[in-house]
Amino acid sequence: MKFFFAAILFLLIVHLARAQEDAQSAGDNKVSGKVIDSASGKAIEYATITVYQIGNNKPAAGTITGSKGQFSIGGLLPGDYKLVVYFIGYQTKTLSIKMASQQANIALGNINLAGKVQTLAGVTVKAQKDIVENKIDKLVYNAGKDITSQTGVATDVLKKVPQVSVDVDGNVELQGSSGVLFLINGKPSTIFGSNITDVLQSIPANQIESIEVITNPGAKYDAQGTGGIINIILKHNTLQGINGNVSLTAGTIMQNGSVNINARKGKFGLNAFVNGSYRLTTTTPTSSRRVTTDTATKTTSLLQQDGSGNFNRHGFQSGIGFDWTISEKNNLSGALNYANFGNRSNNNFNQLEQIPDGFGGVLNTNTVNNSNSSFSQHSFDPSLNYKHSFVNKEQQLEIGMDGSFAHNTITAGNDQYLQPQDSLIYGTRNNNPATENEYEIKLDYVQPLDTNINLGVGGKFSGYDISSAANASVWNPDFSNYLYNSGLSNNLDYHQKVYATYAELNFPIDKSLQARLGGRYERTQINSFYANAQQGIKKGYNTFIPAVFLMKKIGEAQTIKLSYTIRINRPDYSDLNPFINTSDPKNVTTGNPDLKPEIWDRYEVSYNNDLGKIGSFMISLFYRQSNGDIQPFIIYHPSVQIGDTTYTNTTVTTRQNIGIEKNMGTNIFFDLHVTDKFEFRSNIIWFYRHTINQVDIGYNSSVTLFRSTINASYQLTDNLATEFFGSFSKRHHEAQGYYPSFTSYSFALRKQFWNKKGSIALVANNPFSKYVDQRTDLFGPGFVTSSFRQVPYQSIGINFTWKFGKLELKKEQPEYSVPDLNPPQQ
């Protein structure tokens, strides 16, 4: 690893030295300017600047604009040139320049680009964003053109995003990794640490402006999130006056609604939103068969369960935010958001247990197990951000404070009746209230060192606190009542503090090669107390995160990127919570307060080609390796004592640092504009995973995973469009067995009216199949389990959306995108 990092640095130094020699031989002349939107006056980032010598069609030099629209090109020999400015959605502009000598310094000032405008019934509509934008260090998926997700939630949008996959239960992976750091408008929240699936399914899809994906974040970003970062940008408009949107969805499974209002006058703006969703109660038939072996007695037992479960969930979010341009160089923004969401399930199972009677025979026990569980949480998320720009626009200081303060409650209970007498033989009642707080303060500063060379430095402090109390009662037949059980009851106090600092240098190596080198240091300090352990745990560890990023431009449309970094996954509340769920006494689940963080080395190389009107193409190759890989883990116990209760023929599922995991694979994405009306997109993920199990020695696993999506849309008329979306995930092998495949498909039709301010969308999910079948086969020392679920997935939904105020669609980076250093230039 150190050799790799040193080799990269050596090559960069050599290239930089050669580039400087070339520049000196060419002279000290340069041409500079700033590209802005002619209508709004805002800077245009990532515009392509190309210089041609008159009479020569081969580019003499080129660059892209920075975050403030600025550019500078040096090293041009004396002569006559034309400078071409290009950006998607705008009219190309050509300027003539003359280099009179090797000391010439031409300042072009502001270069205004006009949008490609069409007029529709008095409404100005500029060229829309591409559905996928490939930026220097991230991919941006613009959800506005997504029709099949209109009636759904955030997970329905995530299915379409390159490099992202979503399973039937709404679990999200990025390049095959579930360790994803989720952000909303660039900010963290405790709600993602409790139940990510619930949160994502409480955000209506039509409330989402875009989704940013960063697989190998730079040194400026938190190291948390082994798979990378997914940032969900909610809709927000900066136009003057009052504008917004209203959306309502009615469906056979999912119902949701949202209201978004923006008001701006001069330099001050307010925005507010309210959204909610409700998943109607659905029934999932399930069955399982488990064969276990007691190695001590050499006897085999059978456990068979058949039944069904009912499930529903709800979510509600609201917030208000402001941004105030105090002066030309000072900006202040803030927000206060509230979230409330949860789920509830009720299960009914017939259970047959066959165990040896000790005399050569078999004892059959028939029971009925009725269980229920629920989860609820509400949280407040305040944030405040200050930004100062200096005389040199590249020099910037930013200070931010964010917090997230949550209360949640888990309840679970069950009653087990012996058949045929129908007598209660076992029962539990569990209540687990908790508080979960997350807060941070950060400082980022950018200092220009020279033309096109920027140094970014900063620091951050973040805290994460959990206070959890689990109270359990168990049925006592002698008293015919539920009595407090100290063995199942516990408390957890967990305090985690992270101190971080970073430095990151952006610079050009030559005319077409850009570099970003950085390092981040994080000190993690943990102080926790677990009641059942009767002792506190104090520990700390240091993590250094190198970040190397190279980007090579080939012409105007092609880029090659190479990156390396380290990512870390610190266990969160759902991993650590020691609450013991015995609602099914044969399948007990609990968290693990002793989990250690997992650390990943990540390498990635990608090739991108903007095919212009034809579309775009991207392929990524990646390799990553972790130590202390965290996975769900099952242990079989012929007999286990939990508190003052003995459980027999029981498995206990928890989270464990399983061992070493290695992944190598590729992601292919293409977006083809077959005709002006027909678009076809596909996302393919293939990778090989090898797990070295250091808990159960010998139970290693190797598997090839394949996941793919296809998306076809057709514009029938100017106001009527149809779309098809399909996804497939191959059955795959993990440390303890095989997990099911998954296939889904959707059809959608959307009609726009009121000069495209209103629309109605009709979406059908899996219309030809009521259920998605899920078969799981797990095994480990002493047990083999096969289970089967039929997940309700067939649904029909209708959505109405109305946009009010001035309608102006244009190429513009969302205000709440994940912050980034100014991109390097040539």
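The values are calculated or read from the model by the stated rules, or taken from the named source; none is laboratory data. As the structure is a computational prediction, the values presented were derived from the model and not from experiment. All Cβ positions, glycine included, derive from the backbone under ideal geometry; neighbour counts span all protein chains shown. Just so you know, the surface numbers come from the protein's heavy atoms only, side chains and all, with ligands and any DNA or RNA stripped out. Shrake-Rupley method; radii C 1.70, N 1.55, O 1.52, S 1.80 Å.
Observations
- Failed item, numbered, when K662 is tested on (1) over 27 Å from S786 (Cα atoms); (2) open to solvent by 50 Å² or more (accessible area, probe 1.4 Å): (1)
- Among residues of segment 288-307, those that are open to solvent by 40 Å² or more (accessible area, probe 1.4 Å) and in contact (Cβ under 8 Å) with a residue 40 or more places away in the chain, counted: 10
- Restricted to segment 223-253, and to residues there that are of a type in the set (A, V, I, L, M, F, W, C) and at pLDDT 90 or above, the residue that is surrounded by the fewest Cβ atoms within 10 Å (Cβ to Cβ) is A250.
- Of all residues assigned to segment 802-815, at least one qualifies as being at pLDDT 90 or above and surrounded by fewer than 17 Cβ atoms within 10 Å (Cβ to Cβ).
- Qualifying residue in segment 226-238 (condition: within 23 Å of Y745 (Cα to Cα) and of a type outside the set (F, W, Y)): no
- Selection within segment 755-781 - without any contact (Cβ under 8 Å) to a residue 60 or more places away in the chain, of a type in the set (S, T, N, Q) and part of a loop (DSSP other than H, G, I, E, B): N766, S769
- Selection from segment 269-281 of residues that are out of contact with any Lys or Arg (no Cβ under 9 Å at 6 or more places or on another chain), buried (at least 17 other Cβ atoms within 10 Å of the Cβ) and not small (G, A, S): N275
- The one condition from (1) surrounded by fewer than 17 Cβ atoms within 10 Å (Cβ to Cβ); (2) more than 33 Å from the chain's Cα centre (by Cα) that V31 does not meet is (1).
To keep it simple, each residue is scored yes or no on (1) out of contact with any strand residue (DSSP E or B) (no Cβ under 9 Å at 6 or more places or on another chain); (2) open to solvent by 60 Å² or more (accessible area, probe 1.4 Å); (3) in a strand (DSSP E or B).
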residue	(1), (2), (3)
Y464	no, no, yes
A470	no, no, yes
V474	no, no, yes
G487	no, no, no
D493	no, yes, yes
K497	no, yes, yes
Y502	no, no, yes
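- 3 or more residues of a type outside the set (K, R) and over 30 Å from T365 (Cβ atoms): qualifying strands (runs of 3 or more DSSP E) within segment 538-653: 558-569, 598-610, 615-642
- Test for D629: is it farther than 30 Å from I355 by Cβ, touching a strand residue (DSSP E or B) at 6+ places or on another chain (Cβ under 6 Å), surrounded by fewer than 21 Cβ atoms within 10 Å (Cβ to Cβ) and in contact (Cβ under 8 Å) with a residue 24 or more places away in the chain: no
- Answer residue from segment 742-758, given it is within 28 Å of the chain's Cα centre (by Cα) and closer than 16 Å to D718 by Cβ and is least open to solvent (accessible area, probe 1.4 Å) among those: R750
- Any hit, segment 320-328, residues being open to solvent by 50 Å² or more (accessible area, probe 1.4 Å), assigned to a strand (DSSP E or B) and among the charged types (D, E, K, R): no
- Of all residues in segment 541-555, those that are hydroxyl-bearing (S, T, Y) have Cβ atoms under 6 Å from Cβ atoms of residues that are part of a strand (DSSP E or B), 6 or more apart or on another chain, in Y541/T524; T543/E522; T543/I568.
- The condition (being open to solvent by 30 Å² or more (accessible area, probe 1.4 Å) and closer than 30 Å to Y636 by Cβ) is satisfied by just one residue among N331, N348, N343: N348.
- Among residues of segment 349-364 that are part of a strand (DSSP E or B), those with a beta-carbon under 6 Å from a residue that is at pLDDT below 90 and of a type in the set (D, E) at least six positions away or on a different chain give the pairs L363/D357.
- When V391 is tested against (1) in contact (Cβ under 8 Å) with a residue 24 or more places away in the chain; (2) farther than 20 Å from V368 by Cα, exactly one condition is not met: (1).
- Those strands (runs of 3 or more DSSP E) of segment 151-264 in which 3 or more residues are farther than 30 Å from K42 by Cβ occupy 172-174, 241-251.
- Residue satisfying all of: in segment 727-741; at pLDDT 90 or above and in a strand (DSSP E or B); surrounded by the fewest Cβ atoms within 10 Å (Cβ to Cβ) among these: F728
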